[in-house]
Amino acid sequence: MSLAFCGNENNSLAYNVDRGVLNNGCFLDALNVVPHIFLLFITFPILFIGWGSQSSKVHIHHSTWLHFPGHNLRWLLTFILLFVLVCEIAEGIVSDGFTQSLHLHLYMPAGLAFMAGITSIIYYHNIETSNFPKLLLALLFYWVLAFLMKTIKFAKYTEHSVGLRQLRYCITGLLALLYGLLLAVEINVILGRRYLCFTEATEVKPPEDLQDLGVRFLQPFVNLLSKATYWWMNTFITAAHRRPIDLKVIGKLPIAMRALTNYLKLCKAFESQRVKRPLGSMPQGPKWIWRALRQAFGRPLIISITFRFLADLLGFAGPLCISGIVHHISKDNRTIQPPLLGVYFISSQEFLANAYVLAVLLFFALILQRTFLQASYYVAIETGINLRGAIQTKIYNKIMRLCTSNMSMGELTVGQICNLVAIDTNQLMWFFFLCPNLWAMPVQIIVGVILLYYLLGISALIGATVIAVLAPVQYFVATKLSQAQKSTLEYSSERLKKTNELLRGIKLLKLYAWEHIFCHSVEETRGKELTSLQTFALYTSISIFMNAAIPIAAVLTTFVVHVHISEEADLSPAVAFASLSLFHILVTPLFLLSSVVRSTVKALVSAQKLSEFFSSDEIGDEQEPNATMPTGPSNHKTIPSGPRNHNNKYQAVVSTQLSHNVLRTLCFLEIVESVVITSGYFTWTDGTPTLSNVNIKVPFGQLTMIVGQVGCGKSSLLLAALGEMQRVSGTVTWNICIGSAPEPAEEDGSDAERGRGSVAYASQKPWLLNATLVENITFEMPMIKPRYKAVIEACSLQPDIDILPQGDQTEIGERGIILSGGQRQRIGVARALYQQTNVVLLDDPFSALDIHLSDHLMQEGIRKLLREEKRTVVLVTHKLQYLPHADWIIAMKDGTIQTEGTLKDIQNSDPKLFEQWKTLMHRQDGEFEKSMTVLERKNLRRAMYSKEASKTEEEHEEESVESEEDDSLSQAMRHRTTIPWRSCGVYLSSAGLLLPLLLLSQLFKHTLMVAIDYWLAHWTSHVITAKMDATGRNCTVAQECGFSHSWYLSVFSVLCCLGIVLCLVTSVAVEWTGLRVAKELHHNLLSKIILAPMRLFETTPLGNILNRFSSDTNTIDQHIPATLECLSRSTLLCVSALGVISYVTPVFLIALVPLAIACYFIQKYFRVASRDLQQLEDSTQLPLLSHFSETVEGLTTIRAFRYESRFRQRLLEYTDANNIASLFLTAANRWLEVRMEYVGTCVVLIAAVASISNSLYNHLSTGLVGLGLTYALMVSNYLNWMVRNLADMEVQLGSVKRINGLLKTEPENYEGLMAASQVPDGWPRQGEIQIQNLSVRYDTTLKPVLKQVNAHISPGQKVGICGRTGSGKSSFSLAFFRMVDTFEGRIIIDDIDIAKLPLQTLRSRFSIILQDPILFSGTIRFNLDPEMKATDDMLWEALEIAQLKPVVKTLPGGLDAMVTEGGENFSQGQRQLFCLARAFVRKSSILIMDEATASIDMATESILQKVVMTAFADRTVVTIAHRVHTILNADLVIVMKRGIILEYDRPQALLEKEDSVFSAFVKADK
């Protein structure tokens, strides 16, 4: 066919110019080429030459600074323009098909216009980002020319009566309009930026975010194309391959997305709610929260819903286009109309009757639909994340003002508050994610049903009814699922509690040989959890089954009814496959419905909880933070949060006369009182006051001590002074000058309270941050080296710091988990000493310290450091020997002040009390010494062993390390890109016989699905051929010519029913496999851990092991099965779809190669980035949650220090870090989905074009064309699911990998050379111990801790072992239980070598009392005797010996009274006594006491010493002593040093030797 611009037919109307040039259609088209050529020639040089020298740009994210007016409108108009131009090209090509020669002028100008359109937007983008507005002149000329040419063409068409019936007329009009609008946008830029026709241009500055190079999240700042395709994420995602993503890489949040910005927005919404109400009262209830959320975050949600509507409507283009394409292939319709203006015009009907045109339209519709859908998701998720940040900040600010009594009386627990943050804010966020679905679903369902009705008539409604009827069933299943999940959660938290106790007390359990009792208890709870998980799995499989089976059932019902209703049923491929696609679309909203409804219900409950929390009582009238969130120490400017509540009973009334800045000068002039409480009555609850008639004064710059019995209200007095208690009456006044009359306290105490300034407060239970040790001491203050050293010295922390692996830079874990009680206490005191505040309150700082440390702290810290600085110190203490150092003493009794004054005053006024103190002082000085420190350091040293062990290894390795470093990084990178197949193997191999069932059922199911659709194609094609035959043979209906639906229908029905059955089998198989693996892995893990040597627990942080049982087990229980099912389903669907398309049109295979390569690289890059971002999101959530719990626990300390604003600032940082990780993860998911969807749409386009060509030229049956297109549509839906699930699977398999790591632990050797039955029943009866040449070590890699020790202990002897820290005392005791590795020598007890005994038997025959008292939750009976062997009388006798009988008698239930977790409902001393009682119950002839009386007061201790001597008179007792005076009455003393026995004799004999180490110890102890 010959080629010419105007065509070259003989009649050549195209060249006829008799009626003027402008009346020739071809000339008009030629004229339209001019503007495009002009633009291309002008802009190309500028684009390619000018942009070579672009390096000199300002330091901003230059490619994102969009500042020309009408920016988004221009991009939008350009996109529409390009689409219309594509239509113009297509229209030209189609209308050219009606002529003999090719008319280039019909589509070449449109093609050039398309190129010019793309060039114009690239040119504009470059000019905007480099800020050269004058270069926009080229575009101005272009728009003017293009607009003029199109208008002329349009006018000529109108003149020649070309009308709306002709498509080209409409396109030309539309183009003229678009060029006009773009011209208007260009003029607007001139007016806005004044770069033309004005003397001076407008100055513009880039926004603050773009000037800050730390802001890397550019979604709000990029142009529309980059916004829609997440193009700006490309460099970010590809960079993840080279180096892992961390917080540095993702940078800061843009200002508009920061928690503070959103919090202020939310506050404004709450405030406007309040203003609307009468009297401005604070509104209550969840409605108020919903209104505020709507006002603050409603607008972006509406945008998201709009996008969703558009996407859903465009989604219906798929089925309609399939219907159109298949329909038009089977018809051949061409009607030729006479040419006008020398060219042919076609109508829009003819245009849309072209199958190729429909394929291109389908491609564009799908691209738009996918883009809108992802935009809707993104906006909804971003809004949800912003909302979460705002609510978390609001909760935090509420916490800062919470009344302490709410916390202490258990109205609000730390757990509840953490749940609000972790669960309820997330529920609201999820509701916002799913909110667009709530509005879009009804529309989707209604439109879907209408279209089905249009295609199939009444039978469609019956099919839709099937879906609708099953929707409530789905909802029912969903509710059952959430119930099952709830009960599973309850059981798993109970199991975790038990596991936690088991791990915390593992040493005790092993020593007492009780591990199997506790293991059985955990297994029992796990059994209940698994039963609940079975229910969960059952309902999950029903849910999966329904999701897969409903469309099959609906299609089957519809077609059966459709064929039976009318003889003339039109079941052409066009109808069949369009309705098949529509059913698939319809099922999605109905499947989502259940989760959306569930999420809505949860969100309503969460809002209710939040409204209750926000209306809980506050302390004083503290206000919410200032927008700037100052970090200065005493900047408390605030924004008001509510009405001033004048009669707030929770408010401590505190008044001040002098700002504390003036105090330093004043204290030299006259005496100043720091705190004065006048006739104060204070309470924690609305009952009798805890403190009554309190009248005290605290002199300024002096040491005041508060003394009294346990529980008399000493700590409460400090808190009352700080304004933490509810004040019933009286006043608290800070900083008063004697001689100046105190002004009346203000009724609204908040301002007055502020006057007290910062107070350094060390609480009784030390409160530590999860930070480094040095950060805990400096506590936000600048580091002053000499001061820091002095404080460390005063608190004797240096030896402890030396033991820590990174010294004072060691992270001390949550609540200081790696430290002992005494160390925690001293860090708390060190913090108070380090702060430069006028007032220091110390609440019983000596309680966990031994006598030497207490003395040192008193002398160096309190008397020297604090007194020298003239600071006011208030010290609560039980150590009466320090009273002579006090300047002022306050004695308390039963919540009242017994007396106050100097020691001399009290001696005169209350001699009886003074005498009582005196006797106690001497006894405390002489006897009651706690020496826990040594032990603490020893335990810490053991915990930090790794420093020692690794040192020796490091020395050998150092040389090789450097060369390997680069390799290891590249290896790690390689490792990050590969999928953990080994873990996958471990997971699947645990499934056993279920695995082949799973694989076969999945394969059969998908084969059958393809068979059903293939049969439908075969059937419908035959319908068409039968119709053609009927028309050929003049039958009125096809049936008359012998065609019958019944055979096809019966095969179709059988296949569908089989498909439904297989759906059920696969869904059950997947869930049951998951359950089987979960059961197997947990059981193996527990049995491995319980038998593991103690070494594992000493070297692995407890949290790590607990995580295997909590999060990792949860992942394996609930998440992996679902991900596995989704992954296998989407993968098999994609594979079967590609197989079907390739079968229908083999040409497709050629196009598949580049698409497959693209997919491979997209998923490869995405998986790495996604995994990093998921881990980052999880790791940033932990500090946020622990910051909340830390704040709640340390509320009084934070408020005393006046550090609220600093902690708020820190919260904002944590929230922003978590939110930016979430936002990047969202953007990465959208990045993947957009790309995968676009690859999917290319598959659809290629498949459509190939199958249309195949059908037109190779007579491919129309049924197969329909089949190929339906499957092509499916690919685009499932491709991104496949990659997303692959990424999820990879993250989740990490849990299997970690658990598998623990499963490789070598267990202790529980077997012995003798069987348990061979051991004599009462062994050991005498308790004779022979130690021969014994050497032990903690691990084969470590040095020995005992070296060739020999000893002989006669039956019934009382032996004391002493020595300095690290001398091997405890190792000596552990050797009896084979807890350490005995590599030489042996221990013979009653003539049996203990190495020959089974471990269980050996350990069950001895008793040991450890230094740390361990109690388990359960009854007292269970704690004393878990084996349930002892009678009640034996238990009562043991309690009597341990001095606990009176305590237990008074408890409800006696022996069956409950012990809370860790024995928290008993004091430290009582817990230790229970441990003693536990040892007495066992009645073994050998008892080992490892410093068992450290936590017991002096009186009880002396009674116990006697009791042990009498109750155990005939038994062998080995006492490990840290305090030498406890073993002076022993029969034999062993002194150890560095693992060898130094001295071995009677204590008297050793004391008589002047140079003996033992006598030196005794002297030092006095």
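Label Phe914 and Lys486 with points 7 Å out from Cα along Cα→Cβ: what is the distance between them in nm?
My value for the distance between the label points is 6.7 nm.
Express in Å², to the nearest 10, the accessible area of Ile585 obtained by rolling a 1.4 Å probe over the protein heavy atoms while all chains stay in place.
40 Å²
Among rounded, prolate and oblate, which fits region 80-238 when a ≥ b ≥ c are the square roots of the eigenvalues of its C-alpha gyration tensor, a/c under 1.5 means rounded, and a/b larger than b/c means prolate? All intermediate terms of the calculation are to be shown ahead of the outcome.
Details: a/c = 3.17, a/b = 1.71, b/c = 1.85.
Oblate shape, in that a/c is at least 1.5 and b/c is the bigger or equal ratio.
Using 0.36 nm per residue of separation minus the Cα-Cα distance, give me the extension gain between Lys785 and Lys870 in nm, one decimal.
On the way: separation 85, 0.36 × 85 = 30.60 nm, distance 2.09 nm.
Extra length from Lys785 to Lys870 when fully extended: 28.5 nm.
Taking only protein heavy atoms and a 1.4 Å probe, what accessible area per residue, in Å², does region 75-171 have with all protein chains in place?
Working: 3700 Å² over 97 residues.
Heavy-atom accessible area per residue stands at 38 Å².
Among Phe141, Pro109, Leu167, pick out the residue whose Cα is farthest towards the positive end of the charge dipole of region 109-231, where Lys and Arg carry +1 and Asp and Glu carry -1 on C-beta, about the Cα centre.
Leu167
Points 7 angstrom from Cα along the Cβ direction at Ser615 and Glu1080: gap in nanometres?
Calculated label separation equals 5.4 nm.
Please report the accessible area of Arg863 (heavy atoms, 1.4 Å probe, ligands and nucleic acids excluded) in Å², nearest 10.
90 Å²
Taking region 1416-1476, which GluC sites (Glu not before Pro) meet the DSSP loop condition and have no more than 14 other C-beta atoms within 10 Å?
Working: sites: Glu1427, Glu1437, Glu1440, Glu1461, Glu1464; in loops: Glu1427, Glu1464.
For GluC sites (Glu not before Pro) across region 1416-1476 that sit outside H, G, I, E and B with at most 14 neighbouring Cβ atoms in 10 Å, the list reads Glu1427, Glu1464.
Which percent of the accessible heavy-atom area of region 1210-1302 goes to carbon and sulfur, probe 1.4 angstrom? Each step should come with its number before you reach the end.
Working: 1460 of 2480 Å².
On region 1210-1302, the fraction of accessible area on carbon and sulfur atoms equals 59 percent.
Can you pull the one-decimal nm distance between simple spin-label points at His564 and Asn131, each 7 Å off the Cα toward Cβ?
Taking the two extended label points, one gets 7.5 nm.
Quick one: Karplus J couplings for region 67-74, per residue in order, coefficients 6.51, -1.76, 1.60, θ = phi - 60°, nearest Hz, x for Gly and Pro?
After applying 6.51 cos²θ - 1.76 cosθ + 1.60, I find 9, 7, x, x, 4, 5, 4, 4 Hz.
Between Ala1513 and Asn1350, 0.36 nm times their residue separation minus their Cα-Cα distance comes to what? Numbers along the way, then the final one.
Details: separation 163, 0.36 × 163 = 58.68 nm, distance 2.47 nm.
Additional length available on full extension: 56.2 nm.
Tally Lys/Arg at +1 and Asp/Glu at -1 over every other residue whose Cβ is under 11 Å from the Cβ of Ala991; what's the total?
Local net charge: +1.
With every protein chain left in place, what is the accessible area of Lys227 in Å² (1.4 Å probe, nearest 10)?
60 Å²
Ignoring ligands, DNA and RNA, what percent of the accessible area of region 138-228 is carbon or sulfur (1.4 Å)?
Working: 2930 of 4410 Å².
Exposed carbon and sulfur together represent 66 percent of the surface.
Heavy atoms only, 1.4 Å probe, whole protein assembly: order Leu1313, Leu610 by accessible area, highest first. Could the numbers behind the result be given before it?
Numbers: Leu1313 145, Leu610 0 Å².
Heavy-atom accessible area, descending, gives Leu1313, Leu610.
At a Förster distance of 25 Å, what's the computed FRET efficiency of Ser1050 paired with Tyr454, Cβ-Cβ distance as r, to 0.05?
On the way: r = 28 Å, r/R0 = 1.12.
Here the calculated transfer efficiency is 0.35.
In terms of the Cα gyration tensor, with a ≥ b ≥ c the square roots of its eigenvalues, is region 756-818 rounded because a/c is under 1.5, prolate because a/b exceeds b/c, or oblate?
Numbers: a/c = 1.67, a/b = 1.20, b/c = 1.40.
Cα axes put region 756-818 in the oblate bin.
Estimate the FRET efficiency between Leu1149 and Leu225 by the formula 1/(1 + (r/R0)^6), using the beta-carbon distance for r and 56 Å for R0, to the nearest 0.05. Before the final figure, lay out each step's value.
On the way: r = 32 Å, r/R0 = 0.57.
The formula returns an efficiency of 0.95 here.
Could you tell me the center-to-center distance, by alpha carbons, between region 82-131 and region 412-448 in angstrom?
So the separation of the two Cα centres works out to 46 Å.
Filter the cross-link list Lys1347/Lys1369; Lys528/Lys1079; Lys765/Lys785 down to pairs whose alpha-carbon distance in this structure exceeds 19 Å.
Lys765/Lys785
Taking 0.36 nm per intervening residue step and subtracting the Cα-Cα distance, what contour gain separates Ala771 from Ile37 on full extension? Mind showing how you got there, number by number?
Values: separation 734, 0.36 × 734 = 264.24 nm, distance 6.66 nm.
Length difference between fully extended and current span is 257.6 nm.
Taking the Cβ-Cβ separation of Leu164 and Leu22 as r and a Förster radius of 35 Å, what is the calculated FRET efficiency to the nearest 0.05?
Working: r = 22 Å, r/R0 = 0.62.
Given R0 = 35 Å and the Cβ-Cβ separation, E is 0.95.
Residue-wise, which Karplus ³J(HN,Hα) couplings in Hz belong to region 1378-1393, taking 6.51 cos²θ - 1.76 cosθ + 1.60, θ = phi - 60°, and x for glycine or proline?
6, 7, 10, 7, 8, 9, 7, x, 7, 10, 10, 10, 6, 6, 10, 6
Counting only protein chains, not ligands or nucleic acids, how are Ile517, Ile302 ordered by accessible area (probe 1.4 Å), most first? Spell out each step's value before the answer.
Numbers: Ile517 50, Ile302 110 Å².
Order by accessible area, largest first: Ile302, Ile517.
Does anything in region 1057-1084 have its amide N under 20 Å from the 7 Å Cα→Cβ label point of Ile462, and if so which residues?
1057-1058, 1060
Could you pull out which residues in region 876-906 have an amide N less than 17 Å from a spot 7 Å beyond the Cα of Gln709, following the Cα-Cβ vector?
Within reach of a label on Gln709: 877-880, 891-899.
Quick check: the distance between the Cα centres of region 531-563 and region 1094-1148, to the nearest angstrom?
About 23 Å separates the Cα centre of region 531-563 from the one of region 1094-1148.
The values are calculated or read from the model by the stated rules, or taken from the named source; none is laboratory data. It should be emphasised that the depicted structure is a prediction, and the values quoted were computed from it without experimental measurement. In this analysis, Cβ positions are derived from the backbone assuming ideal geometry, glycine residues included, and neighbour counts consider all displayed protein chains. What goes into the accessible areas is simple: the full protein's heavy atoms, side chains included, and nothing from ligands, DNA or RNA. Shrake-Rupley method; radii C 1.70, N 1.55, O 1.52, S 1.80 Å.
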